[in-house]
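Below: one structure, written as structure tokens.
Throughout, read-outs are computed from the coordinates displayed, never taken from laboratory work. Everything quoted here is computed from the prediction, not taken from an experiment. Cβ: placed from backbone, ideal geometry, glycine included. Neighbour counts: every protein chain shown.
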């Protein structure tokens with residue numbers, strides 16, 4: 001067995017795809033931790049494994065994912081279900097796997113990693129096939145980025161060790177015999193380290209002043225992710241109809257058409273303050289100044305909201321992938337689910353108009369004692 005690594009410096013390859021931020025973000029969090037904690041003895045290396053893939057592959061995997069989330073979630077849900085059947089999942093793995101395998105062979109392996117960490121299920125089989133074909137003595141760790149409801153595709157290929165983010169998922173994996181218990185480790189979910197510390201009053205004041213927010217009023221944040229906020233127009237119209245007296249901040253992400261539409265709709269002057277933002281790099285700050293966050297069911301955003309001690313109102317989620325995230329929020333009384341846009345305003349009003357209701361939810365969030373798993377997972381990866 002050949003070992004391509006250097007014993008004097010651990011070279012750790014973190015492999016992801018850009019299908020939503022839930023795969024790339026934890027990879028970058030781990031890389032950042034390792035770089036700062038072990039600058040002399042560890043070299044984390046980040047790789048987008050479809051970086052050099054043919055355009056049609058990127059169109060199907062990355063662009064197709066984004067469009068399905070935005071305009072046709074049922075398409076994604078159908079594909080999600082079909083890929084539970086092994087013949088279908090093997091065909092998908094073969095289609096996507098070749099360019100990934102070529103990339104790992106040509107780009108990743110020449111940098112002589114001692115360990116490979118995989119953060120997307122499409123990457124697992126190509127990596128394991130290469131490791132075995134070339135007789136490499138490289139340990140492969142898989143970080144399952146779906147904390148509660150993981151697709152069987154994550155466990156299509158035997159051999160790697162797994163990092164999971166909940167005991168619930170571990171029980172499911174063991175019940176289905178997808179992996180042996182000795183190959184599983186459970187840690188808290190990984191979020192950006194900034195969310196470990198709430199912003200102070202002076203910091204919040206700076207953000208509020210920048211956005212011209214009336215701090216004597218409650219603030220509602222509509223946060224849909226990089227591709228926009230689903231149903232934002234109807235949600236805001238329902239809030240206007242309710243004469244909701246609050247600051248409203250909407251993050252439209254890359255959906256510039258949505259942002260322009262909201263600005264043209266005449267919402268300014270209908271609330272205590274109103275801001276429609278594009279793609280921003282200060283989500284941490286926005287969540288910290290908010291009292292309530294209306295959002296989708298993605299795990300990263302949900303956990304960032306909860307770790308900040310805020311209340312999520314989930315207005316959409318992806319069946320079945322994000323179902324567990326929604327259940328975690330609702331079953332523990334940490335937030336609410338309201339899929340009907342014109343009813344979202346009513347849910348928000350319930351919180352901002354009743355401090356006792358808001359306090360009850362915030363106390364349940366506090367009792368969860370959620371912690372950031374970045375340092376624990378990173379130390380495990382480094383060991």
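Quick notes on this structure:
- Test: residue in the stretch 213-226 that is on the phi > 0 side of the Ramachandran plot, over 19 Å from the mean Cα position of the chain (by Cα) and surrounded by fewer than 17 Cβ atoms within 10 Å (Cβ to Cβ): no
- Residues that are free of Cβ contacts under 8 Å to residues at least 60 places away in the same chain, part of a helix (DSSP H, G or I), under 22 Å from the mean Cα position of the chain (by Cα) and surrounded by 13 or more Cβ atoms within 10 Å (Cβ to Cβ), drawn from the stretch 325-361: 326, 329, 330
- For the stretch 267-295, filtering for residues that are touching a residue at least 60 places away in the same chain (Cβ under 8 Å) and farther than 17 Å from residue 333 by Cα leaves 11.
- Breaking point among (1) in contact with a strand residue (DSSP E or B) (Cβ under 9 Å, 6 or more places away or on another chain); (2) surrounded by fewer than 16 Cβ atoms within 10 Å (Cβ to Cβ); (3) over 24 Å from residue 116 (Cα atoms), for residue 174: (3)
- The stretch 259-270, residues that are surrounded by fewer than 22 Cβ atoms within 10 Å (Cβ to Cβ) and in contact with a helix residue (DSSP H, G or I) (Cβ under 8 Å, 6 or more places away or on another chain): 261, 265, 267, 270
- Among (1) within 23 Å of the chain's Cα centre (by Cα); (2) outside any helix (DSSP H, G or I), the one test that residue 158 misses: (1)
- The stretch 230-244, subset part of a loop (DSSP other than H, G, I, E, B) and touching a residue at least 60 places away in the same chain (Cβ under 8 Å), residue surrounded by the fewest Cβ atoms within 10 Å (Cβ to Cβ): 242
- Test set (1) under 30 Å from residue 84 (Cβ atoms); (2) surrounded by fewer than 22 Cβ atoms within 10 Å (Cβ to Cβ); (3) touching a helix residue (DSSP H, G or I) at 6+ places or on another chain (Cβ under 6 Å) - residue 300 fails condition number: (2)
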